[in-house]
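What follows draws every value from the coordinates through simple rules; no lab data is involved. Predicted model only: the values in this text are computed from it and were never measured. Note: ideal-geometry Cβ built from the backbone for every residue, glycine included; neighbour counts use all protein chains shown.
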Amino acid sequence: MFRLSQLRKFQWTPNRAWLVVFATWLFLLTGLTHQWGAGSPGLIQFSRLNGLLHERQAQLADSDAEIEKIDGEAKELEKSRVVQEREIRKTMGYVGDNELIFDFSLSRSAALRR
């Protein structure tokens, strides 16, 4: 009964009004009302986008490291004749003078003959 009598005496002061305005504003910023179609996604979307930003920055750092590695390999290919020869042999299958290549892989035609 005591509370009911206090509620009847409740008066709006400027401080209480501002407190209600800020509390409502903070509630809307949380994004909890977005699921019912009211308000903006707010802090929920901010945290999701912030996580996505960190993920993309990590991918960017990985890509930058890979680019530096490839640039180093390209410079080696431009300078060193040994590296050029090794790469040509690996990718194009060239064989040097007096070299024999033994291919022990099971080819498709050999598998069909069995």
Tell me, what ³J(HN,Hα) does each residue in segment 59-66 have, in order and in whole Hz, if you take phi through Karplus 6.51 cos²θ - 1.76 cosθ + 1.60 with θ = phi - 60° and put x for Gly and Pro? 4, 5, 5, 4, 5, 4, 5, 5
Mind checking which of A65, L52, L77 is farthest towards the positive end of segment 44-94's charge dipole, using Cβ charges of +1 (Lys, Arg) and -1 (Asp, Glu) about the Cα centre? L77
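Using Cβ counts within 10 Å as a stand-in for footprinting exposure, how do T13, T30 rank, fewest first?
T13, T30
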Residue by residue through segment 95-101, what is 3J(HN,Hα) from phi via Karplus (6.51 cos²θ - 1.76 cosθ + 1.60, θ = phi - 60°)? Round to whole Hz and write x for glycine and proline. 10, x, 5, 6, 10, 10, 10
Looking only at aspartates and glutamates whose Cα falls under 16 Å of K90's and that sit 8 or more positions away or on another chain, we get E73, E76, E99, D103
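Using a 10 Å cut-off around each Cβ, can you sort R89, R56 from fewest to most neighbouring Cβ atoms?
The order, fewest Cβ neighbours first, is R56, R89.
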